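Worksheet: one structure, shown below.
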Amino acid sequence: DTGVSQDPRHKITKRGQNVTFRCDPISEHNRLYWYRQTLGQGPEFLTYFQNEAQLEKSRLLSDRFSAERPKGSFSTLEIQRTEQGDSAMYLCASSKKRGPGSGRAGSYNEQFFGPGTRLTVL
Amino acid sequence: AQSVTQPDIHITVSEGASLELRCNYSYGATPYLFWYVQSPGQGLQLLLKYFSGDTLVQGIKGFEAEFKRSQSSFNLRKPSVHWSDAAEYFCAVGGAWFGNEKLTFGTGTRLTIIP
């Protein structure tokens, strides 16, 4: 178990360029989340995958954003025509849906976070 | 909708002193509650979590938190802080809607330790 990894760790780009980030979840984790964290704020939910299916997208995810998880393993987050407001830390988290557990403690699957990709748009 | 409030943006504590970071949540049912720590440029590390049972939960690095339903609070405490505890601390609430267990975070409390 090597943890959640993200690549690149840092990305500097010019406004209007496209960027793509990659997240590799913990193996066998079937759920994957993307969050965005701007300066001075807590992370905010962007989108969620269960296996390869993208099941929910936040309103924060404009048309310029697209996320995929083609084989239910790694995921990519692409931002087209970047804007300065896209500058943020992009965090990926994964979890494993377990079978029914005993009581309430078995009904929530803990998320493990990667180190994040820091995007700076000039 | 669920929400989390961390009223203290920045706290400064002397090394060896006790610490309490405040967290208030809004959630329609019994929440799943978390405290995460984030060092500069790093991702989030889970300190502790509350799902059910004993309202006083122990975490890593000597941290503990107490769930108080009547006050909708989940405050984080440590009896004696170390310089290495300087970081950003986030309280979060989780739910489960059709499998989406997304977390809602507070705005964080930045902890500074002075010698």
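All of the numbers you see were taken from the coordinates with simple rules; none came from a lab. Note that the structure is predicted; figures quoted are calculated from it, not measured. Note that each Cβ is placed from the backbone with ideal geometry, even for glycine, and that neighbours are counted across all protein chains shown.
Listed values, structure above:
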quantity	calculated
Any hit, the range A:27-46, residues being under 25 Å from B:P40 (Cα atoms), of a type in the set (V, I, T) and under 13 Å from the mean Cα position of the chain (by Cα)	no
Search result, residues across the range A:21-46 that are within 18 Å of A:G85 (Cβ to Cβ), in a strand (DSSP E or B) and not charged (D, E, K, R)	A:F21, A:W34, A:Y35, A:Q37, A:F45, A:L46
Single condition A:Q41 does not satisfy, out of (1) in contact (Cβ under 8 Å) with a residue 40 or more places away in the chain; (2) within 14 Å of B:L44 (Cα to Cα)	(1)
Lone unmet requirement of (1) touching a residue at least 40 places away in the same chain (Cβ under 8 Å); (2) at the interface with another protein chain (Cβ under 10 Å from one of its Cβ atoms) for B:Q42	(1)
Filter pass, A:R81 being closer than 26 Å to B:V93 by Cβ, away from chain B (no Cβ under 11 Å) and either of a type in the set (F, W, Y) or not in a strand (DSSP E or B) (or both)	no
Selection from the range B:45-63 of residues that are among the β-branched types (V, I, T) and either under 11 Å from the mean Cα position of the chain (by Cα) or away from every other protein chain (no Cβ under 12 Å) (or both)	B:T55, B:I60
Pairs where the first residue, in the range A:76-91, is under 13 Å from A:Y35 (Cα atoms) and the second is outside any loop (DSSP other than H, G, I, E, B) and among the small types (G, A, S), C-beta under 8 Å, 6+ apart	A:T76/A:A67; A:L77/A:S66; A:L77/A:A67
B:S73 surrounded by 17 or more Cβ atoms within 10 Å (Cβ to Cβ), under 19 Å from B:I9 (Cβ atoms) and within 15 Å of the chain's Cα centre (by Cα)	yes
Selection status of B:L48, closer than 14 Å to B:A86 by Cβ, touching a strand residue (DSSP E or B) at 6+ places or on another chain (Cβ under 8 Å) and surrounded by 13 or more Cβ atoms within 10 Å (Cβ to Cβ)	no
Flag if A:S58 is more than 13 Å from chain B (Cβ to nearest Cβ) and of a type in the set (G, A, S)	no
Check on A:A93, within 19 Å of A:Q111 (Cα to Cα), exposed (fewer than 14 other Cβ atoms within 10 Å of the Cβ) and within 11 Å of chain B (Cβ to nearest Cβ)	no
Checklist (1) more than 8 Å from chain B (Cβ to nearest Cβ); (2) among the hydrophobic types (A, V, I, L, M, F, W, C); (3) surrounded by fewer than 17 Cβ atoms within 10 Å (Cβ to Cβ) applied to A:L32, failing item	(3)
From B:Q58, B:Q71, B:Q45, residue being of a type in the set (S, T, N, Q), within 29 Å of A:H10 (Cα to Cα) and out of contact with any Gly (no Cβ under 7 Å at 6 or more places or on another chain)	B:Q45
Residue check, B:Y36 assigned to a strand (DSSP E or B), under 15 Å from B:K61 (Cα atoms) and under 12 Å from the mean Cα position of the chain (by Cα)	yes
